[in-house]
Amino acid sequence: MASPGVVQRVSDWIDHRLPIITFMQHELHEYPTPKNLNYWWNFGSLAGIILVIMIVTGIVLAMHYTPHTNYAFDSVERIMRDVNYGWLIRYVHMNGASMFFIVVYIHIFRGLYYGSYKSPRELLWMLGVVILLLMMATAFMGYVLPWGQMSFWGATVITSLFSAIPLVGDQITTWLWGGFSVDNPTLNRFFSLHYLMPFVIVGVVVLHVVALHTHGSNNPVGIDTKGPQDSIPFHPYYTVKDFFGLGVFLIFSAGFVFFAPNFFGEPDNYIPANPLQTPPHIVPEWYFLPFYAILRAVPDIWFIDAKLAGVVAMFGSIAILFILPWLDTSKVRSARYRPIYKQLFWIFLADCIVLGWVGANPPEGYFVVIGRIATAYYFLHFLVLLPLVGKLERPRPVPTSISEPVLKGGGVRAQPAAAKPMEKA
Amino acid sequence: MRRVLAAIVAAIGLASAAAPAWAAGETPKPPAQRWSFDGLFGTFDRGSLQRGFQVYKEVCAACHALNQIYYRHLTQIGFTEDQVKQIAAEYEVTDGPNDQGEMFTRPARPSDRARRPFANEPAARAANNGAYPVDLSLVVKARFNGPDYLYALMTGYTDPPANVTLPDGMNYNTYFPGQQIAMAPPLQPDGVTYADGTRATVGQMARDVTMFLSWTSEPEMETRKRMGVKVILFLLVLTGMLYAVKRKVWAAVH
């Protein structure tokens, strides 16, 4: 019979040698968090939970999957039909990818709106972009594994992009394929990497969280916490709030998993891969559509052919996020106090949605024009508007502390507070 | 290999690819039908499933395989185990090698995969004027608006418009992309004699076989939806309680 005293003594004994309990106490319990975080701050922890769900379901799927061009498709169907609850595990994994991107895109746009990428959180932001890139690679390779028509042709299209590299492009593509076309060696390495990369993501997520906990969360007001009156311990306040958010999110995703499991998928991927028959439309998964639109938008530029230019633009559209903290010249973080940036934010969001819509349609007629304008605006936003607006915009007065606007009756508007551009340099 | 790559690049759409008829909107969207498996609580109609199996067996199975289906799966559509044994035993499958190293044929058992009409794709093409009758196990999931499309396709054969001349062996079907389909109209009135006395009109057979092929595409559908209702009810209660706890915990902060 263990009395509470025994448990305490054992945990003290462990903690004295390996301070893991103190660590968790610090980082998950006492961890001071701004008291004014709204529900948009739920999506970070949600993304972490989905990552775990994806890894767990993925490990189970890998126990039943066969990475061979002759058997992959049938082994997935066997999971759907003969493995106990295999359909559930696969549909959770398949829709989980879409859910992951929904959550992460919201998480990113929250960061854009509230200026979470600004000093001292530049590295935190850049690690996030690394996670996004790793997620994209993982999702792309995972989509190849069922070896349906879209798997095969999607893999062919995306890997062929590397052939746009001058001089060595073809050799690189052959090297990536492990042959002269997408084939069994390609499928094998994609399976291997698809299993590996989530654990790399976990590693970068750890760094992301370490960077986060160094300066704490940004918040809707975008000013630093001034003291204990501005923050609350992570537990129980944000644990319970995150759990509630998780509940809402699980209802949302269960709707897809149980009632529309193929909503995000392409019917063509239920046709086994056939290298001799190109599907009428090769469309990537929805979360790649804006980038796909950018890829196809760029025309020939002087001596650079459209393919290379498109590839550069597509990778550039993500690479540009790395330098975002230095492109945005405004010292004020939150868009709440930036009247012009706030509008630019919504226009930019609309621009990304337009790009997604263009990416879903064949590159013909007015889609070409719209795609080009939207692509140009995407880069204009980062390279021209953000640097300029930071200089030209007159931010609204920022409250002096977090507690102030949180107080009932709202002290936000009536504070003259001599419009300090930012709390601390 | 160069040519393949060039074709791929063209397919990427970096160059403007030729629009397929489907995308150009020449193929009408199949009219929406009401199906018993629609909606949150939808189920397969057992009578229709078994009639649909009969249509598949007596008509479609002449050319189309059902590769993902094993005879044992048929218990899921309401056949008893003995009935399934009888159904399986109607087919001869190749087994072996035996202890003499010889392959041999024997009557199929429930644990066997549904027998394919052709040994391989070239054999299927050779017997079908060069066209390949696709595997039907996933066909409903593999087409946009699968069930409606299938029904429309099987009932959509017409004479070609005056300005269209069909090549030999091709048929005109409004709902097939490109309108030219190698498959001859598969269903004829009273083409099968239903055991339960239902009149075998073309529309009835098309509905029944669509029901059956919807099941072969998503045999888990009923279990999935039933579980989904329970899961979502549970999550609603849990989330409601979490919200109450959240309100209580935060009461002092606000």
Of the residues A:Val257, A:Val248, which is aliphatic (A, V, I, L, M), surrounded by fewer than 22 Cβ atoms within 10 Å (Cβ to Cβ) and not in a loop (DSSP other than H, G, I, E, B)?
A:Val248
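Would you say A:Val389 is in contact (Cβ under 8 Å) with a residue 24 or more places away in the chain and closer than 29 Å to A:Glu266 by Cα?
Working: in contact (Cβ under 8 Å) with a residue 24 or more places away in the chain: yes; closer than 29 Å to A:Glu266 by Cα: no.
So A:Val389 does not fit the description; no.
For segment B:45-64, does any single residue satisfy the condition of being in contact with a Lys or Arg (Cβ under 7 Å, 6 or more places away or on another chain) and either surrounded by fewer than 18 Cβ atoms within 10 Å (Cβ to Cβ) or modelled with pLDDT under 95 (or both)? Full working, then the answer.
Applying the first criterion (in contact with a Lys or Arg (Cβ under 7 Å, 6 or more places away or on another chain)) to segment B:45-64 yields B:48.
Remaining after also requiring either surrounded by fewer than 18 Cβ atoms within 10 Å (Cβ to Cβ) or modelled with pLDDT under 95 (or both): none.
No.
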Single match in B:Ala162, B:Ala126, B:Ala119 (criterion: exposed (fewer than 12 other Cβ atoms within 10 Å of the Cβ) and either in contact with a Cys (Cβ under 7 Å, 6 or more places away or on another chain) or outside any loop (DSSP other than H, G, I, E, B) (or both))
B:Ala126
Selection count where residues are more than 14 Å from chain B (Cβ to nearest Cβ), crowded, with 20+ Cβ neighbours inside 10 Å and more than 15 Å from A:Ala139 (Cβ to Cβ), scope segment A:154-204
1
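Given A:Arg333, A:Arg372, which one is at pLDDT 95 or above, farther than 21 Å from A:Met135 by Cα, crowded, with 20+ Cβ neighbours inside 10 Å and of a type in the set (Lys, Arg)? Let's see the steps before the verdict.
Values: A:Arg372 fails: crowded, with 20+ Cβ neighbours inside 10 Å.
Only one candidate passes the filter, namely A:Arg333.
How about segment B:67-88: which of its residues are assigned to a loop (DSSP other than H, G, I, E, B) and in contact (Cβ under 8 Å) with a residue 40 or more places away in the chain?
Narrowing segment B:67-88 to residues assigned to a loop (DSSP other than H, G, I, E, B): B:67-69, B:78-80.
Once the filter is applied, which keeps residues that are assigned to a loop (DSSP other than H, G, I, E, B) and in contact (Cβ under 8 Å) with a residue 40 or more places away in the chain, segment B:67-88 yields B:Asn67, B:Gln68, B:Ile69.
Enumerate the helices (runs of 4 or more DSSP H) found wholly within segment A:1-113, keeping only those where 2 or more residues are closer than 21 Å to A:Ser217 by Cβ and free of Cβ contacts under 8 Å to residues at least 60 places away in the same chain. Don't jump to the end; show me each part of the working.
Details: elements: A:4-17, A:20-24, A:43-64, A:72-81.
Here the list reads A:20-24, A:43-64.
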Would you pick out the residues in segment B:186-203 that are assigned to a loop (DSSP other than H, G, I, E, B) and surrounded by fewer than 17 Cβ atoms within 10 Å (Cβ to Cβ)?
B:Gln188, B:Pro189, B:Asp190, B:Gly191, B:Thr193, B:Ala195, B:Asp196, B:Gly197, B:Thr198, B:Arg199, B:Thr201
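Out of A:Leu308, A:Leu344, A:Leu321, A:Leu383, which single residue is surrounded by fewer than 15 Cβ atoms within 10 Å (Cβ to Cβ) and within 30 Å of A:Pro284 (Cα to Cα)?
On the way: A:Leu308 fails: surrounded by fewer than 15 Cβ atoms within 10 Å (Cβ to Cβ); A:Leu344 fails: surrounded by fewer than 15 Cβ atoms within 10 Å (Cβ to Cβ); A:Leu321 fails: surrounded by fewer than 15 Cβ atoms within 10 Å (Cβ to Cβ).
Step by step, each of A:Leu308, A:Leu344, A:Leu321, A:Leu383 is checked, and only A:Leu383 is surrounded by fewer than 15 Cβ atoms within 10 Å (Cβ to Cβ) and within 30 Å of A:Pro284 (Cα to Cα).
Mind listing just one residue for me: the one in segment B:165-185 that is exposed (fewer than 14 other Cβ atoms within 10 Å of the Cβ) and within 18 Å of B:Ala131 (Cα to Cα) and, of those, nearest to the other protein chains (Cβ to nearest Cβ)? It would help to see each step written out before you state the result.
Of the residues in segment B:165-185, the ones exposed (fewer than 14 other Cβ atoms within 10 Å of the Cβ) are B:165-169, B:178, B:184.
Filter again for within 18 Å of B:Ala131 (Cα to Cα), leaving B:166-169, B:178, B:184.
Values: B:Leu166: 21, B:Pro167: 19, B:Asp168: 23, B:Gly169: 20, B:Gly178: 10, B:Ala184: 22 Å.
Step by step, filter segment B:165-185, then rank; the result is B:Gly178.
The values are calculated or read from the model by the stated rules, or taken from the named source; none is laboratory data. From a predicted model like this one, the values you see are computed outputs, not experimental measurements. Please note: Cβ atoms are built from the backbone with ideal geometry, for glycine as well, and neighbour counts cover all protein chains shown.
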